[in-house]
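The values are calculated or read from the model by the stated rules, or taken from the named source; none is laboratory data. The structure presented is a predicted model; accordingly, all values stated were derived computationally and were not measured. Reconstructed Cβ throughout: ideal geometry from the backbone, glycine too, with neighbour counts over all protein chains shown. We work out accessible area using only protein heavy atoms, side chains counted, and drop any ligands, DNA or RNA first. Shrake-Rupley method; radii C 1.70, N 1.55, O 1.52, S 1.80 Å.
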Amino acid sequence: MNPEASPESLGRHRRLVLLGSTGSIGTQAADIVRRNPDRFTLAAIAAGGGNPDLLASQAVEFGVEAVAVADEAAAPRVRSALQAMAPGGRPLPKVLAGPDAVAEVAAWPADITLNAVTGAVGLAATLAALDAGRVLALANKESLIMGGALVTSRAAAGQIVPVDSEHSAIAQCLRGGRRDEVRRLVVTASGGPFLRTDPAELATVTPEQALEHPTWNMGPVI
């Protein structure tokens with residue numbers, strides 16, 4: 001599948017699978033769907049399970065067909081919230097739970113799978129979406145860091161669309177002209193707590209120090 005937009009395809013309605021729906025990128029993507037119901041439908045969503053009420057609320061609002069929860073312990077609360085929130089008579093979405101649930105939903109029938117989950121768990125979902133022939137809007141950078149050659153070998157030309165900050169910016173730079181015009185691209189860092197730390201001291205830093213970013217509120221996964 002080729003995600004490059006043509007004049008004929010710009011107005012086409014697309015089914016979207018949203019992985020990491022309760023995170024920052026996921027909630028922004030859901031808002032785009034909310035504001036463009038004539039262009040997008042959410043077919044399925046997935047999240048780790050840390051915010052089960054929000055996950056259930058999204059499922060009910062968008063009328064999704066399936067919800068995946070990576071944390072099996074969170075699944076009962078998601079099911080309970082769905083039952084409490086769903087209007088009477090409306091069928092509840094299928095709830096999948098466990099380590100393989102997110103990858104299963106990644107291949108759910110749709111036009112586009114947006115992989116915005118955090119961490120290594122995103123690799124299996126990336127491969128599942130590619131193998132199912134979905135256009136993969138990729139925000140999970142770990143997929144490429146861990147398995148770059150594996151991922152690219154499974155992808156058709158144009159099947160992966162970068163949507164997160166750094167690699168999306170790089171892709172847009174490369175599309176802004178001819179490849180032979182680019183010798184190198186430099187991605188700047190945001191600073192961080194160890195910007196001016198002597199490299200010899202890095203072996204003794206603590207997780208608490210690493211989370212004290214001067215600009216961003218860094219989560220424990222980071």
Of the numbered conditions (1) open to solvent by 50 Å² or more (accessible area, probe 1.4 Å); (2) in contact (Cβ under 8 Å) with a residue 60 or more places away in the chain; (3) within 13 Å of the chain's Cα centre (by Cα), Ser165 satisfies every one except a single condition; which is it? (2)
Based on what the data block shows, is Glu212 more than 27 Å from Leu138 (Cα to Cα) and not in a loop (DSSP other than H, G, I, E, B)? no
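Output the helices (runs of 4 or more DSSP H) that fall wholly within the stretch 103-189 and possess 2 or more residues being modelled with pLDDT under 95, or say none.
Details: elements: 122-131, 142-154, 165-175.
Fully inside the stretch 103-189 and qualifying: 142-154, 165-175.
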Note on the stretch 32-47: residues out of contact with any strand residue (DSSP E or B) (no Cβ under 6 Å at 6 or more places or on another chain) and either open to solvent by less than 50 Å² (accessible area, probe 1.4 Å) or within 19 Å of Pro162 (Cα to Cα) (or both) are Ile32, Asn36, Ala47
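Filter the stretch 71-102 down to the residues that are outside any loop (DSSP other than H, G, I, E, B) and within 21 Å of Phe40 (Cβ to Cβ) and list them by number. Lay out the reasoning, then the answer.
Applying the first criterion (outside any loop (DSSP other than H, G, I, E, B)) to the stretch 71-102 yields 72-85, 94-97, 101-102.
Selection gives Lys94, Val102.
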So for the stretch 175-187 (the condition being among the acidic types (Asp, Glu) and open to solvent by 100 Å² or more (accessible area, probe 1.4 Å)), does at least one residue qualify? yes
In this structure, is Val67 part of a strand (DSSP E or B) and buried (at least 20 other Cβ atoms within 10 Å of the Cβ)? yes
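Looking at the stretch 136-154 only, could you name the residues that are of a type in the set (A, V, I, L, M, F, W, C), under 19 Å from Val102 (Cβ atoms) and surrounded by fewer than 23 Cβ atoms within 10 Å (Cβ to Cβ)? Give the derivation first.
Filtering the stretch 136-154 for residues of a type in the set (A, V, I, L, M, F, W, C) gives 136-139, 144-146, 149-151.
Among the residues that remain, those that are also under 19 Å from Val102 (Cβ atoms) are: 136-139, 144-146, 150-151.
Across the stretch 136-154, the qualifying residues are Leu144, Ile145, Met146, Leu150, Val151.
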Return the residue satisfying two criteria in turn: it lies in the stretch 94-109 and is open to solvent by less than 20 Å² (accessible area, probe 1.4 Å) and in contact with a strand residue (DSSP E or B) (Cβ under 6 Å, 6 or more places away or on another chain), and of such residues it is nearest to Ala75 (Cα to Cα). Leu96
